[in-house]
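The structure appears right after this line, and notes come after that.
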Amino acid sequence: LLIVGSSRKSMDFSNISYLLFDHDGVLVETEYWYFKATQRGLAHLGIDLPLAGYRQHLVDGASNWEVARQQGIAEKDISAARANRDRYYQEYLVNEDINIEGVEEVLTTLTRRFHMAIVTTSKRQDFELIHASRNIVPHFDFVLCNGEYPRAKPAPDPYLTAIAQFGCDRSQALVIEDSERGLRSAVAADITCIAIHNDFTAHQDLSAAEQRLPNLRTLAELLAR
């Protein structure tokens, strides 16, 4: 995959001092496993969730559980299935390879020049499980998880909360995302965003990103210029 620039004039990144990283799909490869966990949870209700349908819901924001409600399945049964989904997901987080090659190396380089934060829709419990045996979090000034800002992506709140916590101007910040919902959050917050390629979200519209890059290594190279 080649670096793909936006249609706008290339940005001068020399004034950037703060990097705001999405988590899932950028720092760890978890998105497929959340799909598998959701698919298994819905199977308890007799509902098949194809990958194509799940990927579409990532874009349009539709609930994967709405089909169950439309079929008249009781909320208590849906809640039980979602609890199973959460359990399956945590099992995957522990047992599957979710590492993205080169992440810690890139973060070691970037942390010498930038203040950095993770801004994620992950639940804090899942986030802590992911990083119990990894050396990613120490590179960051702070982490914002789901529920630690008023509204989730694609609302601007997660990234505006991060800006407020840093006490910086949004023009000094750069968001690193891999999804359309995350990109829309950054655009709504009026913060420049770079999109990192991820196969799971490659079908999404990332055209509003300032740059589209194949991996984090190329991000480090871009910011070093």
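The values are calculated or read from the model by the stated rules, or taken from the named source; none is laboratory data. Treat the numbers as computed from the prediction; the structure is a model and nothing was measured. All Cβ positions, glycine included, derive from the backbone under ideal geometry; neighbour counts span all protein chains shown. These area figures cover heavy atoms from the full protein model, side chains too; ligands, DNA and RNA do not enter into them. Shrake-Rupley method; radii C 1.70, N 1.55, O 1.52, S 1.80 Å.
Annotations
- When the residues of the range 97-144 are filtered to those that are of a type in the set (D, E, K, R) and either in contact with a helix residue (DSSP H, G or I) (Cβ under 6 Å, 6 or more places away or on another chain) or within 23 Å of Pro154 (Cβ to Cβ) (or both), the one that is surrounded by the most Cβ atoms within 10 Å (Cβ to Cβ) is Asp126.
- Among the numbered conditions (1) at pLDDT 95 or above; (2) under 17 Å from the mean Cα position of the chain (by Cα), the only one that Gly167 does not meet is (2).
- Residues in the range 196-215 that are in contact with a helix residue (DSSP H, G or I) (Cβ under 8 Å, 6 or more places away or on another chain) and polar (S, T, N, Q): Asn198, Thr201, Gln204, Gln211.
- Taken over the range 152-205, the criterion of being under 21 Å from Arg124 (Cβ atoms), open to solvent by less than 30 Å² (accessible area, probe 1.4 Å) and of a type in the set (A, V, I, L, M, F, W, C) is satisfied by Ala155, Ala162, Ile163, Val175, Ile176.
- In the range 50-104, residue farthest from Gly182 (Cα to Cα) [restricted to those that are among the charged types (D, E, K, R) and in contact with a Leu (Cβ under 9 Å, 6 or more places away or on another chain)]: Asp77
- Any hit, the range 68-85, residues being within 20 Å of the chain's Cα centre (by Cα) and at negative phi: yes
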